[in-house]
Amino acid sequence: MERVVVHGTLMDVFGVGVLLVGPRGVGKSETALELIRRGHRLVSDDAVIVECDDSYEYPVGRPPENLAGKMEIRLALAELYCPECGRVYTFSALKMKEGCDCGGDLKLRPIQDKIAVDVAELYGIRALRSRKGIGVVIKMIPGPHHPHHDPSMRPDEPVSSTPSEEEKVVKWVKERDGRVFHLDVVPGRDTATLIETVALQESLRRRR
C-alpha cells in the first residue's frame with residue numbers, strides 16, 4: 001500500500017469522492033462549507049491522507065486525527081493599500097485599476113483573518129464521513145480578478161502546495177478511470193453548483 005498526504009479538501013458529493021486541490025486562499029474550504037450547507041459530507045479539510053492499493057476501486061482519503069471534523073475558513077483574502085498615503089481599501093479589481101484617491105498606485109496585501117469551524121457542532125455528525133474513495137479531482141485555479149490569480153500558472157501543472165503528492169494522487173485516480181477537471185475560480189461564480197454538477201455527472205457515468 002502507498003500513502004501520501006496532499007494539501008486539499010475531500011468531500012462526498014452525491015456519493016462521489018471529490019478532492020479539491022489548489023493554492024492556498026483559492027477558496028477550497030469556503031466551497032466545501034457551502035457544499036456541507038447543501039447536505040453533502042466532509043471527509044477532510046486542508047490535509048488529506050490518501051492511500052492506494054491494487055485491491056482498491058479508487059484511492060481512499062481520510063483526515064489526519066488532529067483535523068477530523070474541523071475546518072479553517074478565511075474571512076478575508078486580501079486588501080488594497082496605498083504606499084504613498086497609507087489608505088486601505090477592500091479588494092476590488094476595479095478599484096485596483098483606478099488607483100488611490102490621492103492619485104497613487106494601489107498594492108495588494110494578503111489578510112489572514114480566519115475562524116475555526118467544528119463541522120459536527122454546526123451541522124451535525126451526519127455532515128461528516130471518516131473516509132471516502134476519490135473518484136474525481138478538481139483543480140481550483142484562481143481566475144482573472146481573483147486576488148491570487150497567477151497568469152503564468154498552467155492547467156497541466158500541480159496547483160497545490162504539495163505538488164509531488166498531488167501528481168501521485170491524480171495518477172492513481174486516472175489509472176482507475178476517475179476524472180480530473182480544472183475549475184477557474186472567479187468572483188461571483190457559483191463553484192459549489194459546478195462541483196455538484198460534475199459529481200452528479202460522474203455518478204450517472206458509473207451507473208451506465
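The values are calculated or read from the model by the stated rules, or taken from the named source; none is laboratory data. Bear in mind that the values here come from a model prediction, so they are computed numbers and not experimental data. Every residue, glycine among them, receives a Cβ derived from its backbone with ideal geometry; neighbour counts consider all protein chains shown.
Assess whether L35 counts as being farther than 20 Å from V159 by Cα, outside any helix (DSSP H, G or I), in contact with a helix residue (DSSP H, G or I) (Cβ under 8 Å, 6 or more places away or on another chain) and at pLDDT 90 or above. Considered against the rule, which asks whether it is farther than 20 Å from V159 by Cα, outside any helix (DSSP H, G or I), in contact with a helix residue (DSSP H, G or I) (Cβ under 8 Å, 6 or more places away or on another chain) and at pLDDT 90 or above, L35 comes out as no. The number of residues in the range 116-148 that are surrounded by fewer than 18 Cβ atoms within 10 Å (Cβ to Cβ) and at pLDDT below 85 comes to 3. In the range 97-139, the qualifying residues are those that are in a helix (DSSP H, G or I) and without any contact (Cβ under 8 Å) to a residue 12 or more places away in the chain, and the one that is farthest from the chain's Cα centre (by Cα) is E98. Taken over the range 1-32, residues that are within 15 Å of K139 (Cβ to Cβ), of a type in the set (A, V, I, L, M, F, W, C) and assigned to a strand (DSSP E or B) amount to 7. Against the test of being within 19 Å of V169 (Cα to Cα) and among the charged types (D, E, K, R), the options R3, R41 yield a single qualifying residue, R3. Scanning the range 1-26 for residues that are surrounded by fewer than 24 Cβ atoms within 10 Å (Cβ to Cβ), closer than 19 Å to D190 by Cα and touching a strand residue (DSSP E or B) at 6+ places or on another chain (Cβ under 6 Å) turns up D12, G25.
Applying the selection to the range 52-69, what residues are closer than 29 Å to E34 by Cα and surrounded by fewer than 17 Cβ atoms within 10 Å (Cβ to Cβ)? Those that are closer than 29 Å to E34 by Cα and surrounded by fewer than 17 Cβ atoms within 10 Å (Cβ to Cβ): E57, P64, E65, N66, L67, A68.
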